[in-house]
Amino acid sequence: MYWNQKCETMSREEMRALQSARLMDCVKRVYENVPVYKKKFDAAGIQPGDIKSIDDITKLPFTDKYELAENYPYGFFAVPMRDIVRIQASSGTTGKQKVLGYTKHDLELWGEVMARTLTAGGATSEDIVHVSYGYGLFTGGLGAHTGAETIGATVVPVSTGNTKRQIQILHDFGCTAICCTPSYALYIAETLAKMGMGPDDISLKYGFFGAEPWTENMRQEIERSLGIRAYDIFGLTEMIGPGVAFECDAHGGLHVNEDHFIPEIIDPDTCEPLPDGTPGELVFSSVTKEGMPLLRYRTRDICTITHEPCACGRTLARMSKPAGRTDDMLIVRGVNVFPSQIEAVLLDIDETSPYYMIYVDRVGVLDTMDIEVELRDGYPFDQVRRLQELSKRIKSAVESSLGIAANIRLVPVGTIQRSEGKAKHVVDRRNLK
Amino acid sequence: MNYVNQISVFVENKTGSLAQVTELLAEAGVDLRAFSIADTSEFGILRMIVDRPEIAEEVLKTAKATVVKTPVLAVRLEDKPGAMNHVMKVLAANSISVEYAYAFVSRDREFAYVVLRVDEPGSVAEVLMENGLQVLGNEELEKLQ
Ligand SMILES: [Zn+2]
């Protein structure tokens with residue numbers, strides 16, 4: 001099911017033509033209305049007229065979160081305040097919040113992309129949509145809300161908290177779709193079970209989960225314990241909030257609403273564009289936004305992208321789930337390595353735990369990478385041959401994922417330090433003398 | 001049940017790893033009947049036959065060691081030339097392959113035992129017994145002097 005069949009299934013040529021026109025228009029608007037952009041363009045020696053098609057996007061300067069902070073709160077707005085009808089902001093872990101202003105048109109656009117998201121999962125005007133993302137400055141609640149309204153569904157704006165009451169609402173109101181974080185979905189399922197109920201006691205058919213990373217295992221667990229189909233949503237406040245990319249039934253990545261948010265993958269180090277399938281930093285240009293369009297905004301998320309048409313019939317480019325942040329990137333023997341790529345390999349190997357530590361050393365002029373991998377608790381390790389086979393299997397999986405070789409060292413359960421907060425995965429000993 | 005529970009500990013290949021294990025067992029009063037070490041450049045597997053495997057396992061697990069209990073065969077060897085050869089011939093004749101083997105002697109030195117790790121220890125024990133060999137069970141092991 002499509003919400004906007006024309007935009008979701010247009011040919012690559014049509015999409016490129018549409019993106020070209022929209023990019024040229026956006027470049028002109030920001031140059032004329034956003035002093036920060038005028039300064040950036042002038043410094044780079046670029047005039048709006050230099051951008052003649054989507055291929056010229058690589059001539060444009062990037063925008064990053066530091067510039068947003070420097071121009072907090074309204075420095076990137078491209079229209080007068082009287083045209084801004086809504087402010088949203090990201091929670092922001094450090095420093096200043098990222099503030100986004102929406103015009104009336106931008107709110108409709110938000111409704112459109114979220115409508116595509118909900119429709120791809122099967123939701124229609126017949127549905128009763130339970131929104132338990134937080135409402136407020138955070139984009140989750142209002143984003144899901146506006147999408148559900150756009151498709152004409154019945155919205156139940158529950159927001160967060162009081163899980164037992166949420167379950168009562170799910171049950172009594174006959175909600176058929178739910179929007180929340182994946183971890184909250186699991187918590188609802190757990191609470192439901194504790195209350196002596198199961199999937200048959202509620203009417204949910206599908207759920208749309210985002211705002212935090214989640215795994216395929218979590219999807220299966222959510223689908224099983226709530227008796228629903230679960231779809232991933234991707235978004236970021238700087239673009240619009242949820243709805244930048246969404247999942248279809250093919251589960252082959254997330255479809256980017258690229259007629260509005262033009263994606264690129266770049267090498268975070270050299271800033272050169274990377275081809276489809278190569279992991280790198282995701283960059284977006286929100287070319288149709290009026291309130292605060294951003295050009296080549298660096299998300300710091302690492303993923304791959306493909307422009308191959310999807311089994312579902314959509315031609316919208318697909319991005320992989322973000323596999324980490326550029327801040328964690330290592331360069332080993334000239335190759336960009338993301339610890340999360342190693343984590344992804346280990347998650348597929350049953351005999352190991354997800355705990356690992358990467359040691360990078362320099363021997364002579366060569367970088368070496370050693371990865372300590374913990375055995376899974378209870379793994380019957382008694383045969384040397386099987387351990388060596390396991391080690392070899394991890395080695396070749398890591399090599400095919402990273403493109404460079406690493407030594408694998410299997411270590412006993414509990415060897416690798418557990419951390420409360422952000423796990424430390426890398427010890428780089430190359431600069432130590 | 002004609003097999004004994006071998007306790008294996010997975011250790012990093014560095015000095016002191018083995019001493020930590022043996023010290024824990026000594027403190028718990030567990031008697032080590034036999035042990036063998038298999039090691040590679042990265043890791044080692046310490047395999048042990050002890051008088052009370054359950055206690056050994058618990059002590060090691062409490063100390064957060066990486067432990068696994070594996071059923072192995074402890075076959076009694078007659079104290080005469082060719083005894084080991086007899087065992088090996090029976091295994092070969094029945095196409096039973098041995099993952100690894102090591103030996104120990106009872107404290108009164110009356111008998112020697114060979115520890116065998118095989119697939120399906122239960123049926124292999126039967127084959128050995130049909131060929132006149134004695135295979136220890138866990139209770140006998142505990143009583144063994
Ligand atoms: Zn699709």
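The values are calculated or read from the model by the stated rules, or taken from the named source; none is laboratory data. Source: prediction; values computed, not measured. Positions of Cβ are backbone-derived with ideal geometry, glycine not excepted, and every protein chain shown enters the neighbour counts. SASA here: full protein model, heavy atoms, side chains in, ligands and nucleic acids out. Shrake-Rupley method; radii C 1.70, N 1.55, O 1.52, S 1.80 Å.
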Residue check for A:G414: within 11 Å of chain B (Cβ to nearest Cβ) and either at pLDDT below 85 or in contact with a His (Cβ under 9 Å, 6 or more places away or on another chain) (or both): yes
The number of residues in the stretch A:316-350 that are within 16 Å of the ligand (Cβ to nearest atom) and among the hydroxyl-bearing types (S, T, Y) is 1
Looking only at the stretch B:27-42, how many residues end up being open to solvent by less than 40 Å² (accessible area, probe 1.4 Å), touching a strand residue (DSSP E or B) at 6+ places or on another chain (Cβ under 8 Å) and within 14 Å of chain A (Cβ to nearest Cβ)? 2
Identify the single condition in (1) within 15 Å of A:M114 (Cα to Cα); (2) away from the ligand (no atom under 16 Å from the Cβ) that A:K205 does not satisfy, given that it satisfies every other one. (1)
Can you pull out every residue in the stretch A:330-349 that is open to solvent by less than 40 Å² (accessible area, probe 1.4 Å) and part of a loop (DSSP other than H, G, I, E, B)? A:F338, A:I349
Answer with yes or no whether B:I45 is open to solvent by 50 Å² or more (accessible area, probe 1.4 Å), within 12 Å of chain A (Cβ to nearest Cβ), in a strand (DSSP E or B) and within 26 Å of A:I371 (Cα to Cα). no
Among the candidates B:V68, B:V98, which residue alone is within 22 Å of B:E140 (Cβ to Cβ), buried (at least 16 other Cβ atoms within 10 Å of the Cβ) and under 14 Å from the mean Cα position of the chain (by Cα)? B:V98
Scanning the stretch A:364-388 residue by residue, the ones that are within 12 Å of another protein chain (Cβ to nearest Cβ) and not in a loop (DSSP other than H, G, I, E, B) total 11
Kindly list the number of the only condition in (1) open to solvent by less than 50 Å² (accessible area, probe 1.4 Å); (2) hydrophobic (A, V, I, L, M, F, W, C); (3) assigned to a helix (DSSP H, G or I) that fails for B:I55. (1)
Any idea which of B:D79, B:D51 is touching a residue at least 60 places away in the same chain (Cβ under 8 Å) and either away from chain A (no Cβ under 14 Å) or out of contact with any helix residue (DSSP H, G or I) (no Cβ under 8 Å at 6 or more places or on another chain) (or both)? B:D51
Count of residues meeting criterion [more than 16 Å from the ligand (Cβ to nearest atom) and closer than 17 Å to A:I302 by Cα] in the stretch A:238-286: 25
Restricting to the stretch B:52-67, count the residues that are closer than 17 Å to B:Y102 by Cβ and either modelled with pLDDT under 90 or not assigned by TED's automatic domain parsing to the domain that holds B:S8 (or both). 0
Take the residues of the stretch B:3-17 that are open to solvent by 50 Å² or more (accessible area, probe 1.4 Å) and more than 13 Å from every other protein chain (Cβ to nearest Cβ): which is nearest to B:P121 (Cα to Cα)? B:Y3
Every residue from the stretch B:106-121 that is surrounded by 13 or more Cβ atoms within 10 Å (Cβ to Cβ) and over 12 Å from the mean Cα position of the chain (by Cα): B:S106, B:F111, B:A112, B:P121
Can you tell me which of A:R393, A:R386, A:R300, A:R362 is surrounded by fewer than 21 Cβ atoms within 10 Å (Cβ to Cβ), assigned by TED's automatic domain parsing to the domain that holds A:V30, more than 16 Å from the ligand (Cβ to nearest atom) and not polar (S, T, N, Q)? A:R300
Those residues that are within 23 Å of the chain's Cα centre (by Cα) and surrounded by fewer than 17 Cβ atoms within 10 Å (Cβ to Cβ), I need them from the stretch A:43-61; list them, please. A:T58, A:P61
Every residue from the stretch A:55-76 that is part of a helix (DSSP H, G or I), hydrophobic (A, V, I, L, M, F, W, C) and over 14 Å from A:V283 (Cα atoms): A:L68, A:A69
